[in-house]
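The structure appears below as structure tokens.
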Amino acid sequence: MYCIENEFLECIQSIQNQSYKDFEYFVLENLSNKDAHEQLYQTFMREAESYDLFVKVDADMVIARDSFFQEVVNYFSTFSDVDDLQIAVHDFFTDRLVYGLHVYSRRMKWEEDKEQIFVDWPERKNMPIKRVNDRANLAPAAFHCPNPSRFQAFHFGVHKAVKIMQHECQDFRYYASIVHWDNLICLKNNFLSDRDILLAFSILGAWESLVSKFASSEINFDSTKVKNAFQKWNSLPVRKIVEKAQKVSFILSVFPDSLLLELVILRRNMPFGMKYSVISFLKNMKRRKLSRYREKMIEAHS
């Protein structure tokens with residue numbers, strides 16, 4: 001799925017270089033996030049009788065090695081009951097493994113729904129799905145955003161913050177919010193280690209999204225709000241951009257990571273009323289149990 005990603009040609013080349021040759025690929029270009037995923041899944045289901053496996057590759061992913069497709073085929077030859085294999089990729093922004101690249105069996109089914117943010121979760125259609133998350137055997141499947149543009153970097157921060165806040169979502173996905181908050185904290189730590197300008201833009205993208213309450217429509221690359229916010233920062237000298245990202249990183253470091261997330265979510269809930277906000281805050285604090293939320297919550301989410 002391709003819009004403006006710098007890595008597109010590298011992505012295509014990494015696919016063409018695969019030692020396993022019995023495959024075809026197609027490109028969905030310049031579609032909204034929601035429309036791209038819907039067309040992708042409709043194509044997968046329509047072609048289910050013609051193929052054994054479907055690999056979902058974003059244009060900012062460069063497959064890590066030429067033997068990857070062969071490794072996937074070998075895996076499904078051994079574990080033929082798996083429906084959704086999600087493999088971690090190495091992410092430039094957080095400098096760690098994150099999920100990920102999906103490989104689906106031909107049995108997978110999706111239904112259209114109104115979800116605008118978390119669009120790559122398969123619907124079950126009253127059938128059990130066996131999902132496996134792999135961080136050790138086939139990972140990293142790819143390198144995520146190894147050569148991003150400034151706007152890509154800014155958009156990465158926006159996207160993470162939208163998934164943290166989930167404005168317009170009727171059912172708040174607490175565990176998903178935690179996972180993407182953890183990505184933001186790792187991004188912040190990565191930036192503080194070397195003050196890279198691209199990481200600075202990612203920090204500022206997240207900041208703009210949190211402050212301006214960007215909604216699901218801002219996930220799309222053609223969002224006017226995101227473009228205007230980016231241009232505001234991109235017009236400044238590099239020193240000013242890095243300084244602002246440092247200030248934002250300091251703010252994110254004032255409170256413990258997990259407590260700060262609860263305060264951010266509390267602010268998100270305020271329009272629903274004080275009673276709802278406080279009760280939600282207390283429930284989250286209780287289930288988080290005030291300690292080691294990353295290990296507990298992310299493991300539970302996975």
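The values are calculated or read from the model by the stated rules, or taken from the named source; none is laboratory data. Since the structure is predicted, the reported quantities are computational estimates derived from the model, not experimental observations. Every residue, glycine among them, receives a Cβ derived from its backbone with ideal geometry; neighbour counts consider all protein chains shown. For accessibility, only protein heavy atoms count, side chains too; no ligands or nucleic acids. Shrake-Rupley method; radii C 1.70, N 1.55, O 1.52, S 1.80 Å.
Structural remarks
- Complete set of residues in the stretch 175-204 that are closer than 22 Å to Glu115 by Cβ and without any contact (Cβ under 8 Å) to a residue 60 or more places away in the chain: His180
- For the stretch 126-137, the count of residues that are open to solvent by 20 Å² or more (accessible area, probe 1.4 Å), at positive phi and free of Cβ contacts under 8 Å to residues at least 60 places away in the same chain is at least one.
- Only one entry of Asp84, Asp35 meets the criterion of being open to solvent by less than 40 Å² (accessible area, probe 1.4 Å) and of a type outside the set (A, V, I, L, M), and that entry is Asp84.
- So His155, is it buried (at least 18 other Cβ atoms within 10 Å of the Cβ), free of Cβ contacts under 8 Å to residues at least 24 places away in the same chain and not in a loop (DSSP other than H, G, I, E, B): no
- Filter pass, Trp110 being aromatic (Phe, Trp, Tyr), in contact (Cβ under 8 Å) with a residue 12 or more places away in the chain, surrounded by 16 or more Cβ atoms within 10 Å (Cβ to Cβ) and part of a helix (DSSP H, G or I): no
- Residues that are over 20 Å from Tyr2 (Cβ atoms), part of a loop (DSSP other than H, G, I, E, B) and touching a residue at least 40 places away in the same chain (Cβ under 8 Å), drawn from the stretch 30-79: Ala48, Glu49, Tyr51, Asp52, Asp66, Ser67, Phe79
- Scan of the stretch 237-258 for residues that are without any contact (Cβ under 8 Å) to a residue 24 or more places away in the chain and either closer than 24 Å to Ile185 by Cβ or open to solvent by 80 Å² or more (accessible area, probe 1.4 Å) (or both), ordered by number: Arg239, Lys240, Glu243, Lys247, Phe250, Ile251, Val254, Phe255, Pro256
- Positions within the stretch 177-231 being in contact with a His (Cβ under 9 Å, 6 or more places away or on another chain), open to solvent by 10 Å² or more (accessible area, probe 1.4 Å) and closer than 21 Å to Leu260 by Cα, in sequence order: Val179, His180, Lys213, Phe214, Ala215
- Among the criteria (1) under 19 Å from the mean Cα position of the chain (by Cα); (2) surrounded by 18 or more Cβ atoms within 10 Å (Cβ to Cβ); (3) at pLDDT 95 or above; (4) of a type in the set (S, T, N, Q), the one Ser105 does not fulfil is (1).
- Checking the stretch 154-161 against the condition returns no match, with no residue being at pLDDT below 95 and over 30 Å from Glu112 (Cβ atoms).
- Boolean, Asn234 is free of Cβ contacts under 8 Å to residues at least 40 places away in the same chain and either open to solvent by 40 Å² or more (accessible area, probe 1.4 Å) or on the phi > 0 side of the Ramachandran plot (or both): no
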